[in-house]
Amino acid sequence: MAVHAFAKSTGRRNRVPGGVGQHTGWRAIMFLLPSWLLLAVFFFVPILLTFYFAFTNLSLTGTSSLATKFVGFQNFVSMFQDPTFRISVIKTIVFLLFSAVIGQQVLGLLLAVLMNERHRLFRSAIGVLVIAGWVTPEIVVAFIFYAFFSDGGTLDTFLSVFHVQPIAWLYAFPMVSVIIANIWHGTAFSMMVYQAALGDVPKEILESAAIDGAGRFQRFVRVTLPMIKGSIATNMMLITLQTLGVFTLIYSLTGGGPGNRTTTLPIYMYQQAFSDYQLGYGTAISLILLMIGIVASFVYLRMLKVKL
Amino acid sequence: MKKWNRAKADAVIVHVILVLIGIAFVIPLLWMIFAAFDGDATLALQVPQHWTLGNFWAILSDPANQRAFVNGVIISFGQSILVVIVAGLAAYPLSRYHLKYKRPFMYTILFSTSLPITAVMVPVYELFVFLHITDSIFWTTLFLAASGLPYAIWIMKNFMDSVPIELEEAAWTDGASAFSSLRRIVAPLMLPGISTVGIFTFAGSWGNFFVPFILIQTPSKLPASVTIFQFFGQYGSVEYGKLAAFSILYTIPAVVLYVLGQRYMSTGFQFGGATKG
C-alpha cells in the first residue's frame, strides 16, 4: 500500500494560485503551523531527547533519579561490555534476516508469482487468506500463535497424527515460533507489493522471450526479476524498518524469553527502561535502534528517487 | 502434445502449492473462530461440540471491557479526525503554493514515515513524565496523531495534486479565501483521499498496543488493545474461549475498516473529468 502511494508522487505541479498575491508565504505558514507544532513537540523533540538522555544516568529509582547527570559515553561503554546487549543485537539480526528478508520477501514474491495468471476467483480466495493475517492486529496474532505453538496446541495435535510427541514450541524453539508468527502477519504486504510490480511487467516482453525459447524459469530470472528489482529493493527497506520496530508480537508471545532467547533490541530497550528503570541506558539502546532506522530510511529515500 | 501436458502438470503443481500455503495461513485463524464459539475451548483446533455465544456475551457484558472498547474508539477516532484536519491543512499549501522550503519539508516528511516509532517511545515517555502528561487519553491521542501525520500529509498532498486547480480559480475570482476554497471545493472532491487517510489512521491506531501500554497506566483509561493483553495475562491460560471471543470482537473493526479502505482506494482519482463540459 505504501509503495503504491509513494509511487504516485512523482507528478510535479507548478501552478501559481490566482488571487493570493504576496501574502502566500504567511498564509502557507498558517496552514502548516498545526502540523509543524505537533511534529516538533511529539516527534523531533523526542528524537533530540534521545541524543541527550542517552548520555545521562537518568533513572526512575535510586539515587540517580534525584540528580540526573551527564555521564558521557558511559552508557555506550557499558553497552558494549554488556553480554545481554550483544545477545539482543544477534537476536535482532536473526529475527530480521529470517522473518523479513528471507521469510516475507521470498514467500511474498513466491505467492505473487504463483498467483499471477491464475483464475481471478482462485487468486482472490488465496489472497484473502494471506491478507487476513495482515489485517489481524499484532496482539491477536500473538494469541493465535500462542494457541498454535503451545504444549497441546494445534501444532502438537496435528503432529500427533504422525506420532510426534507433544512439544512446548514456545520453550523449545522460541525464535522459530516468533519468526513464523511474524511471517504469517507480514507476508501479505510483500505479496501486494509484488502483485502490483508483476502487473507492470509488459506481457509483450515475456511473450517474445518465450518465442525466443526461454523457459518459464529463465523468463522469470532473466526478464521479470530485473524488471521488478526496484520493487524488491524498496520492499526490502520497508519491511526491514517495520520488522526492526516489532515489539508487541514478541513481547506478548514470549516476553523476550525463555531467558533472553527472543530478546530483540526493542524488547531489551523496554526491559531496561521500564522493568529495570534504567531510562538513560534504555535511551542509549533506543538511540542505536534509531540510528539503524535513520540509516535504513536514508538508503530507502535514495532508492525511491522521488522528485518533489 | 507433450508440451501441453507439461503446462497442465505445471498448473496442477502451482495450484497445489497455493492451496497448501492457503491452508497454512488459515489454520491458526480457524482456532480463534472455533474456540470463540466453543463452551469448552482448548488450545488445540477443534470443531465445537456445543456451539454457543456465551463467550461473546461474557466479554461484552463486562463493564470494564465495554469501557476499553469506548476508550479505544475515543483514541482512534480522535486521532483520525486530528490527522485528517491537520494533514489536510498542511497538504494545501504544499500542493498549491510555491514554497522555498517545500522540498526539504517533503523529504523530512517522507523520511519520518519510515522511522520505527518503537525507537522513540522511551524518550517520548520521558517527555510525558517531564511535562506531567502521562496517563492521559487526550495527550496520548495527540502523540498518536503526530506519529500518524507524516504518512497522512504525504498521501493527502498526492490526492490534492490530482484535484484540478481550475475549479478553485473560479472561486478565487469570486473572492473566496484559500481556506474557504479548501473547505468548499477541494475537500468535497477529495473525499476518497480523506476517507483513505481517516480509515488507515483509525485502523493503525486501533491495533496499536505499545503506545497506550507505555503512556497510560490507569486501567479505566486503557483502550481495548491493552485490556485484551491484560485479560490474556490474567485468564489467558484458562479461559481460551473468552480470549478468542475477545480477540474476534477486537479484530472485527480492523477487518471492516480494511474492506472500507479498499473500496475508497479503488474509487479514488476519478475527478479528472470535473473541469470538462
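The table for this structure:
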quantity: Cross-chain or 6+ apart pairs with Cβ under 6 Å, the range A:150-161 first and facing chain B (nearest Cβ under 8 Å) and over 17 Å from residue A:174 (Cβ atoms), then of a type in the set (Phe, Trp, Tyr) and surrounded by 14 or more Cβ atoms within 10 Å (Cβ to Cβ); calculated: A:154/A:148; A:154/B:31
quantity: Subset tally (residues that are under 16 Å from the mean Cα position of the chain (by Cα) and facing chain B (nearest Cβ under 10 Å)) for the range A:248-262; calculated: 3
quantity: Odd one out for residue B:165, checked against (1) at pLDDT 85 or above; (2) within 12 Å of chain A (Cβ to nearest Cβ); calculated: (1)
quantity: Any hit, the range B:73-86, residues being touching a Lys or Arg at 6+ places or on another chain (Cβ under 7 Å), more than 20 Å from residue B:189 (Cβ to Cβ) and of a type in the set (S, T, N, Q); calculated: no
quantity: Of all residues in the range A:2-60 being within 30 Å of residue A:231 (Cα to Cα) and among the aromatic types (Phe, Trp, Tyr), the one that is modelled with the lowest pLDDT; calculated: A:6
quantity: Failed item in (1) in a helix (DSSP H, G or I); (2) more than 23 Å from residue A:126 (Cβ to Cβ); (3) in contact (Cβ under 8 Å) with a residue 40 or more places away in the chain, with residue B:31 passing the rest; calculated: (2)
quantity: Which listed residue, of A:231, A:190, is surrounded by fewer than 23 Cβ atoms within 10 Å (Cβ to Cβ), under 26 Å from the mean Cα position of the chain (by Cα) and assigned to a helix (DSSP H, G or I); calculated: A:231
quantity: Count of the range B:93-121 residues which are within 7 Å of another protein chain (Cβ to nearest Cβ) and under 23 Å from the mean Cα position of the chain (by Cα); calculated: 11
quantity: The listed residue being closer than 20 Å to residue A:54 by Cβ, within 10 Å of another protein chain (Cβ to nearest Cβ) and surrounded by 22 or more Cβ atoms within 10 Å (Cβ to Cβ), out of A:245, A:280; calculated: A:280
quantity: Lone unmet requirement of (1) within 18 Å of the chain's Cα centre (by Cα); (2) in a helix (DSSP H, G or I); (3) within 9 Å of chain A (Cβ to nearest Cβ) for residue B:243; calculated: (1)
quantity: Residue that is within 12 Å of chain A (Cβ to nearest Cβ), surrounded by 12 or more Cβ atoms within 10 Å (Cβ to Cβ) and within 17 Å of residue A:118 (Cα to Cα), where the choices are B:33, B:13, B:17; calculated: B:17
quantity: Boolean, residue B:139 is of a type outside the set (S, T, N, Q), within 7 Å of another protein chain (Cβ to nearest Cβ) and more than 20 Å from residue A:294 (Cα to Cα); calculated: no
quantity: Residue B:77 vs. criteria part of a helix (DSSP H, G or I), over 21 Å from the mean Cα position of the chain (by Cα) and at pLDDT 85 or above; calculated: no
quantity: Boolean, residue A:123 is surrounded by 14 or more Cβ atoms within 10 Å (Cβ to Cβ) and outside any helix (DSSP H, G or I); calculated: no
quantity: Filter result for the condition that a residue is within 8 Å of another protein chain (Cβ to nearest Cβ), touching a residue at least 12 places away in the same chain (Cβ under 8 Å), surrounded by fewer than 22 Cβ atoms within 10 Å (Cβ to Cβ) and assigned to a helix (DSSP H, G or I), over A:111, A:107; calculated: A:107
quantity: Residue among A:129, A:110 that alone is farther than 30 Å from residue B:202 by Cα and modelled with pLDDT of 90 or more; calculated: A:110
quantity: Selected residue [closer than 27 Å to residue A:201 by Cβ and facing chain B (nearest Cβ under 10 Å)] from A:125, A:100, A:147; calculated: A:125
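The values are calculated or read from the model by the stated rules, or taken from the named source; none is laboratory data. The structure presented is a predicted model; accordingly, all values stated were derived computationally and were not measured. Here the Cβ is made from the backbone with ideal geometry for all residues, glycine too, and neighbour counts use every protein chain on show.
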